[in-house]
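Everything on this sheet refers to the single structure shown next.
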Amino acid sequence: MTLNFLRNKKQGNPAGKGPHVPSNNIGRYEQDQQQQIKSESQRYEEIISTLPKESAWLGEHYKIEGFWYDPLWAVGVFWAQENFQARSSDALMFAIQKRNHHCINDSTHPLVSTNPHKCVPYLELQAHEDDPVTYLNSLPSPRLLGTHVSYTSLPKSIINSGSRIVCIYREWKDVLVSLWKFINKIRSARSMLPLPLEEGFEFFCKGVSLSGPFWEYNLEYWNVSLERPNNVFFLKYEDLKKDTPFYVKKLADFMECPFPEDEKSEGVVDDIIKLCSLENLSNLEVNKTGTFHLGSQVVSKVGNDVFFRRGNVGDSKTCLTPKMIKQLDEITVAKFIKGLD
């Protein structure tokens, strides 16, 4: 097994991500970087080739510490475990934490001109950049990062540093349908035939999907949120949709950047909700026409528009059969709800 198809032919440092290197040493520096990346990638490929493997969704998935990842993310899991050094101030929630740096109603706000996944980059995907360690170290605190990694496989520095983690849980049936439609958008862009819902359903029930099984994945974060409530916040998507202002303020409190009374009275909470709404983000030009690159070292990229759908609660009822719904509910009781006791 090889992951060579992931790599881009283009090498070198993207502007702003690498350290300052004297012009006469740039060639040597880039050669050293390329050699280091190649060496690490080969080592991770060798490790991944020994792991349990299943074919699903877009291709092969590999099992790492009980959870499934495709090759791109699997490399990222191992890279992050070995290379990422967390800070106690690391966290999520861009619009909430950065509101003092960027005016919410300003047309130059990053979320207006940049895809959210670039504002809050995935930790695992840094493995596929030219100089990820230097880039991550250069980010000012608080650093805001996203991840699909299970709690079990998080870099130890995240767990030991006191970084704040927000895990958003969504009802399983809606997760399945959203994932299935997302994957088929990517398959279409890659000139692949659509994946039948029945096949996606079987993959999902077996737990073979990115970071799956979803039941065990969320149960881990739920249990840790009870043990370490100051560091892990477990939030139900349905609750967030039902009372968005309440949970935005609760998230701000968790992130230790609460809204003072003057911001509340001035409507800052409502402004953040409007800015971050799916309706607003999906209609921005950058998210309708832009492209999200999965790393400068890989050929894979997707259109920004694939990340946005309706986000409605209970939307799965329009796609799943009663038999599918019953089976998913039974799995949820057996693997998740009983684990809450």
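The values are calculated or read from the model by the stated rules, or taken from the named source; none is laboratory data. Given the structure is predicted, the values throughout are model-derived calculations rather than measurements. Because the Cβ atoms are built from the backbone with ideal geometry, glycine has one as well, and the counts that use them run over all protein chains shown. These area figures cover heavy atoms from the full protein model, side chains too; ligands, DNA and RNA do not enter into them. Shrake-Rupley method; radii C 1.70, N 1.55, O 1.52, S 1.80 Å.
Dipole magnitude of region 97-191 about its Cα centre, charges +1 at Lys/Arg Cβ and -1 at Asp/Glu Cβ only, in debye to the nearest 20? Value, rounded to 20: 320 debye.
Taking the DSSP beta bridges with both ends in the chain, the antiparallel portion is around 60 percent. Solvent-accessible surface of region 273-341, taken per residue with a 1.4 Å probe and all protein chains present: 57 Å².
Dipole size of region 179-313 about its Cα centre, with +1 on Lys/Arg Cβ and -1 on Asp/Glu Cβ: approximately 720 debye, rounded to the nearest 20. With contacts taken as Cα pairs under 8 Å at a separation of at least 6 residues, the chain carries a relative contact order of 24 percent. If the elastic network links every pair of Cα atoms under 10 Å, which of 203, 259, 214 fluctuates the most in the Gaussian network model of the chain? Largest GNM mean-square fluctuation: 259. For the chain, the Cβ-based charge dipole about the Cα centre amounts to some 600 debye (Lys, Arg positive; Asp, Glu negative; other atoms uncharged). Of 90, 305, 239, the residue with the greatest mean-square motion in the GNM of the chain, using alpha carbon springs below 10 Å, is 239. Loop-located trypsin sites (Lys or Arg not before Pro) in region 235-316 (DSSP state other than H, G, I, E, B) with a sparse environment of at most 13 neighbouring Cβ atoms within 10 Å: 310. Accessible surface calculations at 1.4 Å, restricted to protein heavy atoms, place region 94-207 at 41 Å² per residue. For the chain, the share of accessible area belonging to carbon and sulfur comes to 52 percent (1.4 Å probe, ligands and nucleic acids excluded).
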